[in-house]
Amino acid sequence: MQFTANRLLLLKAMKTALKVVQPNRDIPEIAGVLIEADASSGLLTVTGTDIRTHIQRRLRQEQVEESGSIILTPLIASVLDKLAGESVSFQSDKGTVLIGSGNAAFSLPFLEVKAFPRLQIPFPEDTIRVQGLNELFRKTVFAADGKTTDLDKISLQYVRLAFADGLTTAEATNSTYAAISTSPQCADGNLELFLHEKAVRILASIIAPSDELFVGISGKSAVFMKEDLFFSS
């Protein structure tokens, strides 16, 4: 794999994907980010997952000399942050990747991608356009009980989102108190879904209030998309 990309855009993509990454002794590959480079399209994708939730960021029209894919640990974000050049180059060979920018270079080990749970969620058949979810999330997610281990109360871990007749409603409860928030003209269609409170917090941290998202359901996954972002949980 060999490519050159805008350093700050790649750093932003890494930080976004890392929102969902956490250590995993059973599958060490998901404790890092998957970087894929496609020479035919010039497309770079950066993917992070904890098995249940996937985040993928895309960088387009980058200079990709050789296609390939590798997994790097979260240390990659610190490396990109320390470099000072406008662009950054990656070249992988025999278990290490050379990362260069300006007059500085780093050499990091990488993992093979065979065991990485690649994103295999088909594009939703129907989507609606949604905007302004951040405020709804802020006013409701605190009421969900994401730590309950009682199987009879598993629904308390989730936030309900309902889009209907021009009104968007978010609801959460821990059985002691409930939070409900509504917003008019937030979506252009009807849809209902339940998101785990952890997924809600992550999604709220990677989208802006002004972002227009396309939202749909694919199998058992809720999917949120915009041009450079794919989020599923």
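The values are calculated or read from the model by the stated rules, or taken from the named source; none is laboratory data. Note that the structure is a prediction, hence the values are computed from the model and not measured. Cβ atoms come from the backbone with ideal geometry, glycine included; neighbour counts cover every protein chain shown. Side chains included, ligands, DNA and RNA excluded: accessible areas come from the protein's heavy atoms. Shrake-Rupley method; radii C 1.70, N 1.55, O 1.52, S 1.80 Å.
Please go through region 75-86 and pick out each residue that is open to solvent by less than 60 Å² (accessible area, probe 1.4 Å) and out of contact with any Phe, Trp or Tyr (no Cβ under 6 Å at 6 or more places or on another chain).
Matches in region 75-86: Ile76, Ala77, Ser78, Leu80, Leu83, Gly85.
Only one of (1) surrounded by 13 or more Cβ atoms within 10 Å (Cβ to Cβ); (2) in contact (Cβ under 8 Å) with a residue 12 or more places away in the chain is not met by Pro109, so which one is it?
Against the list (1) surrounded by 13 or more Cβ atoms within 10 Å (Cβ to Cβ); (2) in contact (Cβ under 8 Å) with a residue 12 or more places away in the chain, Pro109 comes up short only on (1).
Could you grab the pairs with beta carbons closer than 7 Å, sequence gap of 6+ or different chains, first residue in region 144-162 and among the aliphatic types (A, V, I, L, M), second one part of a loop (DSSP other than H, G, I, E, B)?
Here the result reads Ala144/Asn174; Leu156/Ala144; Leu156/Asp145; Leu156/Thr148; Leu156/Asn174; Leu156/Ser175; Val159/Ala144, each pair linking region 144-162 to a residue that is part of a loop (DSSP other than H, G, I, E, B).
Tell me which residues, restricted to region 145-168, are over 15 Å from Ala222 (Cβ atoms) and either among the aliphatic types (A, V, I, L, M) or at pLDDT 95 or above (or both). First the steps, then the outcome.
If we filter region 145-168 for residues that are over 15 Å from Ala222 (Cβ atoms), which is where we start, we get 145-156, 164-167.
Listed by number, the residues that qualify are Leu151, Ile154, Leu156, Ala164, Leu167.
Somewhere in region 212-230, is a residue within 29 Å of Val46 (Cα to Cα), open to solvent by less than 80 Å² (accessible area, probe 1.4 Å), touching a residue at least 12 places away in the same chain (Cβ under 8 Å) and among the polar types (S, T, N, Q)? Even if it seems obvious, please write down each step before you answer.
Residues of region 212-230 within 29 Å of Val46 (Cα to Cα): 212-230.
From the residues that got through so far, the ones that are open to solvent by less than 80 Å² (accessible area, probe 1.4 Å) too are 213, 215-219, 221-226, 228-230.
Next, only the ones that are touching a residue at least 12 places away in the same chain (Cβ under 8 Å) stay: 213, 215-219, 221-226, 228-230.
Filter once more, keeping what is among the polar types (S, T, N, Q): 218, 221.
Yes; the residues of region 212-230 include at least one that is within 29 Å of Val46 (Cα to Cα), open to solvent by less than 80 Å² (accessible area, probe 1.4 Å), touching a residue at least 12 places away in the same chain (Cβ under 8 Å) and among the polar types (S, T, N, Q).
Check every one of the strands (runs of 3 or more DSSP E) wholly within region 136-225 and list those with 1 or more residues that are of a type in the set (Asp, Glu).
167-173, 191-196, 212-218
Which members of region 66-115 meet the condition of being charged (D, E, K, R), part of a strand (DSSP E or B) and over 27 Å from Asn24 (Cα atoms)?
Across region 66-115, the qualifying residue is only Glu66.
Please enumerate the residues belonging to region 85-114 that are of a type in the set (Gly, Ala, Ser) and touching a strand residue (DSSP E or B) at 6+ places or on another chain (Cβ under 7 Å).
Gly85, Ser87, Ser89, Ser92, Gly95, Gly100, Ser101, Ala105, Ser107
Can you tell me which residues in region 16-54 are in a helix (DSSP H, G or I), touching a residue at least 60 places away in the same chain (Cβ under 8 Å) and surrounded by fewer than 20 Cβ atoms within 10 Å (Cβ to Cβ)?
Pro28, Glu29
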